[in-house]
Amino acid sequence: MNASLVMFLAFIAITLWITYWAARKNTGSNAYFAAGRSLTAWQNGIAVAGDYMSAASFLGIAGIIAFQGYDGFMYSVGWLVAYLTVLLIVAEPLRNAGKYTMADVLAYRLSPRPVRAMGALSTLTVSTFYMIAQMVGAGALVSLLLKDTGVSFSTAVIVIGVLMIVYVVFGGMLATTWVQIIKAILLMGGTILLSLLVLKHFGFSFSAFFDAISHVTYHDAKGNLVTQDFLTPGLRYKPPYGALDLISLGLALIFGTAGLPHILVRFYTVPDARTARKSVVWAMGIIGSFYILTTFLGFGAATIVGRDFIAKNGGTNMSAPLLAQALAGDLFFAFISAIAFATILAVVAGLTISASTSFAHDFWTNVLHHGKERAPGEEVRVARVTAFVVGAISITIAILLGPNANVAFLVALAFAVAASANLPVIVLSLFWRRFNTRGAVAGLATGLASSLVLILLSPSIMKTSPIFPLENPGIVSIPLGFLGAWLGTLTGREPHAEEKFTELNVRANTGLGAEKASSH
C-alpha cells in the first residue's frame, strides 16, 4: 500500500478518536464553542500556531522561495511578525471583553443587532474564502500525492470536507484544538528534521549553503539555461509596482492576522487574559521559528532538487515534499506529505468552527432572537447545522473551481477583508470613546466592499490589463476601512456607547467581570 496513504489513514484514525473523546465532554455552549475555557497557555499557543501555519505557509512559502529566492522570503516576513499586533493590541482586551466571537467586543458598548449582523457577514466572508482556497489546494495536493491509488481531485476534496465537518459537528472546539496541536507538533518536527538534512547535505557549512544559493541554475521561460543569484531581490517583486505590492501584502498580513476570525476565537478558550497573553508568546515562538526554517526548505529545494525538476513534478507546492524525497527517500516523502495533509485538515476545521460559531451566536441567537435561546442547547445545534452547510458549500465551490484554479486571490481577499473590515472596528471600539454603531457598520461595510472590489480589479483576476495594479489591496483598503469607520462615527453621537467606553476600557485591561472558566 502507498506509504503516504498509510500515514494519512493513521492521522485520520488518531484525530477521529480525539473527536470521539471530545464529543463526550461537550456539554453546553461553553464547552462546544470555547472548550470550557480550560486550555493552558502552551496548549492554546501551540493550537494558535497550528491554526495559523496553513498549507499555504508550509507548501506555498517553501515553493515561492524555491522559485523566487530572496523575494519569497520577504513574502513570509508579514506572517513572521504578524503576532506582534495580536499580542500588543488584541489578545488581552478580546479575552476580557468577549464571550465567543469578535462581534461580542463590538456589541459590548454598541447597538448589538447591526454590529453583530455585519460582524457575522464579515466572519463568514473571510472564513469561506480562506476555506475554499485551502480545499482547492488540499484537493490538488492529495490527488497528486495519491495518484497511484486512483484518488481524484473531487474525491480528495470531499474526504477532507467530510472529516472537517465531523471534527466540528461532534468534537467542537476541544477536538479542533487537539487536532491543531498534533498537527503543529508534527509540522515543526518535520520542518526541523528537513532543515537539518539540508544543512547536512552541505556539510553543516553555511558558507557552502549560501554559495549554492547564489548560483542556482534553471531554464527560464524562453528555454535558456540561466544561473541566478537567489539572494538578490527582484525575482518576484519587479518594477514599477513591486516594492508597493510587497508593502501592501505586508500590511494585509500584519493587520489581517489580528482580524482573522479563526485566530480570534482561540482567545476565548483560555481561563483568563494572562493565559491569553502567554499563549500568544508561545505561538510567536513557534511561528517565528517555523518561518525562519522555511528558508532552508525553499533554498534547499532550489539548490538540491532544482527548479526544473520541481516544475515538471507538481509545481511550486511540491517543493518541500520533493526535497524530503531527494534527501531521505520515499518514506520521508510520505511523512512530509502526511504532515501537509494534517496541516490542511487542522486549518479548515478551525475555519469551520469560527464560521459556525459566528452564525449561531451572533446572527441566530443575538440578531434574530434578541440574545435569547428559545430552547436549551439551540445555539449549539444551529452551529452544527451551520458547519454542515458551510462545509457543503466549500466542497461544492472547490470542486467547481477545479485543481488548476488561481486561489491566490482568495487567500489575499481573506487577509485583506480581515485587515480592512475587522481590525479597524476592533481597534476603534477598544480605544476611541466617540466611536459608535454607525461607525462600526460603515467601517465593516467599507472594508469589506473596498477589498472585494480592488481584488476583482487586480492582476489576480484581470490578467491582461488590470485597473488596480497591485495583487493585494491592503495598502488602499485598510485606510479606507478606517476612513469609513471614522466618517460613519462623525454622522451622529451615541451617548450610550460613550458612557459604556470607560466600563469596556476597565474590563478590557483588568479583566474585572470577564467570563471565567467556571462559567456556563
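The values are calculated or read from the model by the stated rules, or taken from the named source; none is laboratory data. Only a predicted model underlies this, so the values are computations on that prediction, with no experimental measurement involved. Every residue, glycine among them, receives a Cβ derived from its backbone with ideal geometry; neighbour counts consider all protein chains shown.
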Check: Give me the pairs: first residue in region 199-216 and on the phi < 0 side of the Ramachandran plot, second residue in a loop (DSSP other than H, G, I, E, B), beta-carbon distance under 6 Å, and six or more apart or on different chains, which are they?
Finding: Ala208/Phe202; Phe209/Phe202; Ile213/Phe230; Ile213/Leu231; Ser214/Asp229; Ser214/Leu231; Val216/Phe230
Notebook entry, point to check: Just to be sure, is Pro240 assigned to a loop (DSSP other than H, G, I, E, B) and under 30 Å from Tyr218 (Cα atoms)?
Noted result: yes
Next item on the list: Output the residue which, of all residues in region 205-219 that are touching a Leu at 6+ places or on another chain (Cβ under 9 Å) and not in a helix (DSSP H, G or I), is surrounded by the fewest Cβ atoms within 10 Å (Cβ to Cβ).
Entry: Ser205
Item checked: Members of region 153-202 found to be at pLDDT 90 or above, closer than 17 Å to Phe11 by Cβ and of a type in the set (Gly, Ala, Ser), listed by number -> Gly161, Gly171, Ala175, Ala184, Gly189, Gly190
Item checked: Subset of region 505-520 that is out of contact with any helix residue (DSSP H, G or I) (no Cβ under 6 Å at 6 or more places or on another chain) and crowded, with 16+ Cβ neighbours inside 10 Å - its residue that is modelled with the lowest pLDDT -> Glu515
Check: If you scan region 310-331, which residues turn out to be crowded, with 24+ Cβ neighbours inside 10 Å and not aliphatic (A, V, I, L, M)?
Finding: Ser319, Pro321
Checklist line | Residue, farthest from Ala55 (Cα to Cα), within region 386-412, restricted to residues that are of a type in the set (Val, Ile, Thr) and in contact (Cβ under 8 Å) with a residue 24 or more places away in the chain | finding: Thr386
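For every residue, the table says whether it meets (1) under 30 Å from Ala91 (Cβ atoms); (2) in contact with a Gly (Cβ under 8 Å, 6 or more places away or on another chain).
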residue	(1), (2)
Leu231	no, yes
Lys238	no, no
Ile247	yes, no
Ala273	yes, yes
Lys278	yes, yes
Ala283	yes, yes
Ala302	no, yes
Note to self: Condition first: part of a helix (DSSP H, G or I), over 18 Å from the mean Cα position of the chain (by Cα), of a type in the set (Ser, Thr, Tyr) and surrounded by fewer than 16 Cβ atoms within 10 Å (Cβ to Cβ). Can you find one or more residues in region 376-394 that meet it?
What the structure shows: no
Note to self: Being under 14 Å from the mean Cα position of the chain (by Cα) and not aromatic (Phe, Trp, Tyr) is the filter here; which residues of region 64-92 pass it?
What the structure shows: Ser76, Gly78, Leu80, Ala82, Val86
Checklist line | Qualifying residues in region 475-497 (those that are closer than 12 Å to Asn436 by Cβ and among the polar types (S, T, N, Q)) - the one surrounded by the most Cβ atoms within 10 Å (Cβ to Cβ) | finding: Thr489
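Only one residue in Pro466, Pro403 is out of contact with any strand residue (DSSP E or B) (no Cβ under 8 Å at 6 or more places or on another chain), crowded, with 18+ Cβ neighbours inside 10 Å and not in a helix (DSSP H, G or I), so which one is that?
On the way: Pro466 fails: crowded, with 18+ Cβ neighbours inside 10 Å.
Result: Pro403 is the single residue among Pro466, Pro403 that is out of contact with any strand residue (DSSP E or B) (no Cβ under 8 Å at 6 or more places or on another chain), crowded, with 18+ Cβ neighbours inside 10 Å and not in a helix (DSSP H, G or I).
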Note to self: All but one of (1) within 17 Å of the chain's Cα centre (by Cα); (2) surrounded by fewer than 23 Cβ atoms within 10 Å (Cβ to Cβ) hold for Thr155; state the number of the condition that does not hold.
What the structure shows: (1)
Notebook entry, point to check: How many residues are farther than 23 Å from Ser29 by Cα and either in contact with a Phe, Trp or Tyr (Cβ under 9 Å, 6 or more places away or on another chain) or buried (at least 23 other Cβ atoms within 10 Å of the Cβ) (or both) when one looks only at region 260-280?
Noted result: 2
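Only one of these is buried (at least 24 other Cβ atoms within 10 Å of the Cβ), on the phi < 0 side of the Ramachandran plot and touching an Asp or Glu at 6+ places or on another chain (Cβ under 6 Å): Asn436, Asn422. Name it.
Details: Asn422 fails: touching an Asp or Glu at 6+ places or on another chain (Cβ under 6 Å).
Going through Asn436, Asn422 in turn, just one is buried (at least 24 other Cβ atoms within 10 Å of the Cβ), on the phi < 0 side of the Ramachandran plot and touching an Asp or Glu at 6+ places or on another chain (Cβ under 6 Å): Asn436.
Of Thr19, Thr15, Thr27, which residue is β-branched (Val, Ile, Thr) and at pLDDT below 85?
Numbers: Thr19 fails: at pLDDT below 85; Thr15 fails: at pLDDT below 85.
Checking each option against the conditions leaves just Thr27.
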Next item on the list: Identify, from the list Leu368, Leu345, Leu413, the residue that is crowded, with 23+ Cβ neighbours inside 10 Å, within 30 Å of Ala485 (Cβ to Cβ) and not polar (S, T, N, Q).
Entry: Leu413
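Given the residues Tyr70, Tyr83, which is the only one that is closer than 17 Å to Ala302 by Cα, in contact (Cβ under 8 Å) with a residue 40 or more places away in the chain and hydroxyl-bearing (Ser, Thr, Tyr)? So that I can check it myself, show each step before the final result.
Numbers: Tyr83 fails: closer than 17 Å to Ala302 by Cα.
Among Tyr70, Tyr83, only Tyr70 is closer than 17 Å to Ala302 by Cα, in contact (Cβ under 8 Å) with a residue 40 or more places away in the chain and hydroxyl-bearing (Ser, Thr, Tyr).
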Check: Among the residues of region 31-66, how many are touching a Gly at 6+ places or on another chain (Cβ under 6 Å) and either of a type in the set (Ser, Thr, Tyr) or farther than 18 Å from Leu163 by Cα (or both)?
Finding: 5
Note to self: So for region 300-309 (the condition being crowded, with 20+ Cβ neighbours inside 10 Å and among the basic types (Lys, Arg)), does at least one residue qualify?
What the structure shows: yes
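Let's see how each residue does on (1) within 30 Å of Asn436 (Cβ to Cβ); (2) in contact with a Phe, Trp or Tyr (Cβ under 6 Å, 6 or more places away or on another chain); (3) in contact (Cβ under 8 Å) with a residue 60 or more places away in the chain:
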residue	(1), (2), (3)
Ser4	no, no, yes
Ile12	no, no, yes
Ile18	no, yes, yes
Asn26	no, yes, yes
Gly36	no, no, yes
Leu39	no, no, yes
Gln43	no, no, yes
Ile89	yes, no, yes
Thr101	yes, no, yes
